[in-house]
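These notes concern the structure reproduced below.
Derivation of every value follows stated rules applied to the coordinates shown; laboratory data play no part. Computed from a predicted structure; not experimentally measured. Every residue, glycine as well, gets a Cβ built from its backbone with ideal geometry; the counts of neighbours run over all protein chains shown.
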Amino acid sequence: MASPTAINIWGGDKDQTRLTHCRFVRTKRFRKLIVVQPGRIDRDRVVVSVSDAAEVLLRDWPTPASKTRLAAIEACLAVIRGEKPPRVARQAFIVAAKDARILLGEQI
């Protein structure tokens, strides 16, 4: 059995940290993948799950103070908690990626 997962969310003034403890988290996969380029031009990221999206949002996002990024993080957390279906996190991630101008493609 897996141990509980902790997710750090960096946001707000002076890098305040909110630590959210979740029960066992299964990978919540998206039905269709998303391709983003959050950093170097030769490093595309293929996002296929809520955990992939959360990792990109937390570690690789080019505009950390973005409201759409924070909304996407909240959507990922809602899915991880079992409050929303994965499509909600996927859509919020796409909106944030468009806002940050890092979206390369999405399967519809």
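General observations
- Theoretical gain in end-to-end length, residue 104 to residue 91 [0.36 nm per residue, Cα-Cα removed]: 3.2 nm
- This ranking places 33, 57, 104 by how few other beta-carbon atoms lie within 10 Å of each, fewest first, which gives 104, 33, 57.
- Summarising the amide proton neighbourhood of residue 49: residues at separation of 5 or more, or on other chains, whose placed amide H is nearer than 5 Å comprise 30.
- Footprinting exposure proxy ranking of 66, 51, fewest other C-beta atoms within 10 angstrom first, gives 66, 51.
- When +1 charges are put on Lys and Arg Cβ atoms and -1 charges on Asp and Glu Cβ atoms, the dipole computed for region 26-106 relative to its Cα centre reaches about 240 debye.
- For the pair region 49-65 / region 76-108, the C-alpha centres are spaced 10 Å from each other.
- Ranking of 63, 68 by neighbouring Cβ atoms within 10 Å, starting from the fewest: 63, 68.
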